[in-house]
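Report on one structure; see the data block that follows.
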Amino acid sequence: MSQKISFNFDNTKFMASDADVKAIQPKIEAAKKTLVEGTGEGNDFLGWVDLPVNYDKEEFDRIKKAAAKIQSDSDVLLVIGIGGSYLGARAAIEALRHGFYNMVSKEIRKTPEIYYCGNNLSSTYISELVQVIGDRDFSVNVISKSGTTTECSVAFRLFKEMLEKKYGKAEASKRIYATTDKARGALKTLSNEEGYETFVVPDDVGGRFSVLTAVGLLPIAASGADIDKLMQGAANAREYCLEKSFDDSDVLKYAAVRNVLHQKGLGMEILGNFEPALHFITEWWKQLYGESEGKDGKGIFPAGVDFTTDLHSLGQFIQEGTKNHFETFINVVNPRAEVVMQKEETDLDGLNYLAGRTVDFINKCAMNGTILAHVDGGVPNIRIDMDTIDELAVGELFYKFEFACGVSGYTLGVNPFNQPGVESYKKNMFALLGKPGFEEMTAELKARLGE
Ligand code: PA5
């Protein structure tokens, strides 16, 4: 059960002392028990707990075959989905594959360009994406558990039409891969009628916990990342999370420390990275914690920063602004690539003292300097050390964040596996769009908008 990720809490102790952590330990252990025994609210959405070892092997093989077909017949793969039906795949692909994936030559990338849509309602975005595809060969993976999410349905309708115009209905249907509910919903019905290959979003896995199902795995495999290793990393984490007692578990301590800090009045956790490749890991994490904890007037607001970029924008606020936050940094111990600073004849920029040093050494000094400065400014810091960014580590990170989220949510006293608040804006939008069945709300909302 070798682990590639560990947590360091040294720089939280000035606010979350050992005694504070000890005091919350019974609640954390009870929350873990509730989660593992499936006795809490939302217990019909716990399929993700055993997913790394208990998944549909036949479907897993079909995912690999579909990915190979997409790689062989498509220059571009469009991934249509939003929220939990999109962020995990993008997080893994952007972490694991080339930092300039769509821009490098096919010789380097080897796999199709990948673009994401159905995650906004921008007509500009959609029409410019049509231009990017041009007359090149493309396939679509449309991902929607409900099959009725507006953003996703709008984009799918347009790109389905584009595929059918280009290839004819029969060939288009061989280029559409639908990941949806196994039996219900508009997308499943359409897939049955049109003969699309379908993959399943399991009933007992919610969107934000679905990255290790076909939702994430098909696009990740199509990108050329190794999904066997990704699952292995998650399986290693699962064993760790289930077996380790509180004293030996970084994951339970993460849940404990963030709850202690929250009880002390810190309402925001800022996840920071020092590797641009991790930007979408942060976006995925924001949804995971935001939708899981933010309800019943409770929760820690999950924010994200990309350092060192944001040290030049939000750094000032984090250091000296309103003190309502703590930070969690992901430190990649061994970067994928190294760059060594060279000596220059004339030292006009004064950087010759760094000759022979790596850029990563400078990055680590920036990170450590930031941690110390923010701690001096009263901002507690949790550091997550990730050995390197590879499939094993990313699979482990996904699972450890998910497990800590479940434990943390139950500790906080919420159901971490529902998202009732997401529906509110949708009802208003449907009323304003004039969707049949929403007539009563329409007049009232239009009056409020002064229309
Ligand atoms: O986590 C969630 O449940 C949401 O973010 C959903 O994944 C998102 O709203 C997309 O829903 P669907 O997959 O039904 O299109």
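Structure summary
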item: Inter-probe distance in nm under a simple model that places probes 7 Å from Cα toward Cβ, at Phe301 and Ala355; result: 4.9 nm
item: Radius of gyration, Dmax [the range 130-220; alpha carbons; angstrom]; result: 13.1, 40
item: Computed E for Met1/Glu194 - FRET, C-beta separation, R0 45 angstrom, nearest 0.05; result: 0.50
item: Relative contact order, percent, the range 41-132 [alpha-carbon distance under 8 Å, six or more residues apart]; result: 33 percent
item: Mean Kyte hydropathy of 0.5 or more with a Cα span along the axis of at least 20 Å, helices from DSSP in the chain; result: 359-376, 391-412
item: Potential lengthening between Ala183 and Lys165 on full extension [0.36 nm per residue; Cα-Cα distance subtracted]; result: 3.6 nm
item: Residue-normalised accessible area of the range 290-409, expressed per residue, 1.4 Å probe, Å²; result: 45 Å²
item: Distance from the range 421-451 to the range 84-126 (C-alpha centre basis), Å; result: 33 Å
item: Lys/Arg +1, Asp/Glu -1 at C-beta; the range 1-72 dipole; positive extreme among Thr39, Asn54, Ile28; result: Asn54
item: Amide hydrogen neighbours beyond the local backbone of Asn331, cut-off 5 Å, H modeled; result: Ile384, Asp385, Met386
item: Bridge type composition, the chain - antiparallel percent by DSSP, nearest 5; result: 10 percent
item: Alpha-carbon centroid distance for the pair the range 157-173 / the range 1-62, whole angstrom; result: 43 Å
item: Ser17 versus Phe438: modelled label distance in nm, points set 7 Å from Cα along the beta carbon direction; result: 5.3 nm
item: Tensor-based shape of the range 71-166 (alpha-carbon gyration tensor, a/c under 1.5 rounded, otherwise prolate or oblate); result: oblate
item: Long pairs among Lys65/Lys400; Lys110/Lys229; Lys4/Lys400; Lys69/Lys229; Lys4/Lys364; Lys295/Lys446, criterion Cα-Cα beyond 23 Å; result: Lys65/Lys400; Lys295/Lys446
item: The range 328-419 shape via C-alpha gyration tensor axes, a/c threshold 1.5; result: oblate
item: Per-peptide average of other Cβ atoms within 10 Å, ordering 11-18, 256-263 highest first; result: 256-263, 11-18
item: Karplus-derived 3J(HN,Hα), 6.51/-1.76/1.60, for each residue of the range 201-207, Hz, glycine and proline x; result: 8, x, 4, 9, 10, x, x
item: Label zone at Leu121, where the point sits 7 Å out along the Cα-to-Cβ direction: the range 145-166 residues whose backbone N lies under 19 Å; result: 145-159
item: Too-long pairs where the Cα-Cα distance tops 22 Å, listed order kept, from Lys13/Lys264; Lys32/Lys298; Lys298/Lys435; result: Lys298/Lys435
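The values are calculated or read from the model by the stated rules, or taken from the named source; none is laboratory data. Predicted model only: the values in this text are computed from it and were never measured. Backbone-built Cβ (ideal geometry, glycine too); neighbour counts: all protein chains shown. Please note that ligands, DNA and RNA were not included when accessible areas were found on the heavy atoms of the full protein model with its side chains. Shrake-Rupley method; radii C 1.70, N 1.55, O 1.52, S 1.80 Å.
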